[in-house]
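Everything below concerns the one structure shown next.
The values are calculated or read from the model by the stated rules, or taken from the named source; none is laboratory data. Model, not experiment: these values are computed from the prediction. Neighbour counts are summed over all protein chains in view; Cβ atoms, including those assigned to glycine, are modelled from backbone coordinates with ideal geometry.
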Amino acid sequence: MSYYVVGGRYADTTFRVLLDPAPTLGPFETHEAALEAWSERARATIDYATVRYQITWQDGHEPPRPAACSRGAAA
């Protein structure tokens, strides 16, 4: 399974209309590797209310549930 970090700047805090997509990061082999990349990108834009990133996957199936993470929410 491949994981990717996607997102960017949205029109507002409903996060429905993506105005300025950021370059996609990945593929990552593990959810943990993608989480590390997501964390770096999210921290770099923490002051911007309309910027959001998430971890997505590609394989056509539901994602596996990651082990409990002590760092908080991942996406």
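Consider the stretch 17-45 and keep the residues that are within 13 Å of the chain's Cα centre (by Cα) and among the β-branched types (Val, Ile, Thr). The one that is farthest from Tyr4 (Cα to Cα) is Thr45. Checked across the stretch 37-58, the condition of being surrounded by fewer than 14 Cβ atoms within 10 Å (Cβ to Cβ), part of a loop (DSSP other than H, G, I, E, B), out of contact with any His (no Cβ under 7 Å at 6 or more places or on another chain) and at pLDDT below 85 holds for no residue.
Taking residues in the stretch 1-29 that are more than 19 Å from Glu40 (Cβ to Cβ), and partners anywhere that are in a loop (DSSP other than H, G, I, E, B) and of a type in the set (Asp, Glu), the pairs with Cβ atoms closer than 6 Å and at least 6 places apart or on different chains are Met1/Asp59.
The residues of the stretch 1-29 that are at negative phi and in contact with a Leu (Cβ under 9 Å, 6 or more places away or on another chain), listed by number, are Tyr3, Tyr4, Val5, Val6, Arg9, Tyr10, Ala11, Phe28.
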